[in-house]
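This report concerns only the one structure given below.
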Amino acid sequence: MKDSKENTYSPNHISTKERTKCILLAAALLMYGVFAWYRGEVYIPDRSGDGIRFTGTACTLIYCGLIAGAANCISVVVDHYDKRNNESNYRKFAMVTRTVSIALLALGTVGSILYDGLQLWQ
């Protein structure tokens, strides 16, 4: 006998505008990440024009964070086309990729600041 929840399930709908934004953001994150990885430097501009440059391990951590962020965006689009009743799995995946992305970006930033600070003491 089938569960009554299966009969009432309707797949979620994500608007075309939202899917387009997610695809463009994922593409931008991946392109910027690949460009930064190729150069060996992540550059974050600021108002003064100098910006912040992350190299070495910090660059790698930030690049991995960008990949996790892109995976989060892509999962929104995949969830729209997946008609199975597994939205809770997509929510868990989104939560994990968001957390991993933020943690890697923060770790790369803090690690770079600490490393540069330690270099000043030598």
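Starting from 0.36 nm per residue, how many nanometres of slack lie between residue 88 and residue 55 once their C-alpha separation is accounted for?
Numbers: separation 33, 0.36 × 33 = 11.88 nm, distance 3.72 nm.
So the chain would gain 8.2 nm between residue 88 and residue 55.
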Do you know the Lys pair count in the chain for C-alpha distances under 24 Å, with sequence separation 8 or more or different chains?
-> 8
Among all cysteines in the chain, which have no other cysteine Cβ under 4.7 Å from their own Cβ?
-> 59, 64
At a 1.4 Å probe, what is the % contribution of carbon and sulfur to the accessible area of segment 22-122?
-> 69
Would you mind working out the accessible area per residue for the chain, using a 1.4 Å probe, and quoting it in Å²?
-> 72
The list (i) 38, 16, 10; (ii) 21, 19, 13; (iii) 49, 21, 10 gives values of semi-axes √(5λ) of the Cα gyration tensor in Å, and only one came from this structure; which label was calculated from it?
-> (i)
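The values are calculated or read from the model by the stated rules, or taken from the named source; none is laboratory data. Everything numeric here is computed off the predicted structure, so don't read it as measured data. When we count neighbours, we look across all protein chains shown, and the Cβ atoms used for this are built from the backbone with ideal geometry, even at glycine. Just the protein is used for accessible areas: all its heavy atoms, side chains included, with ligands, DNA and RNA removed. Shrake-Rupley method; radii C 1.70, N 1.55, O 1.52, S 1.80 Å.
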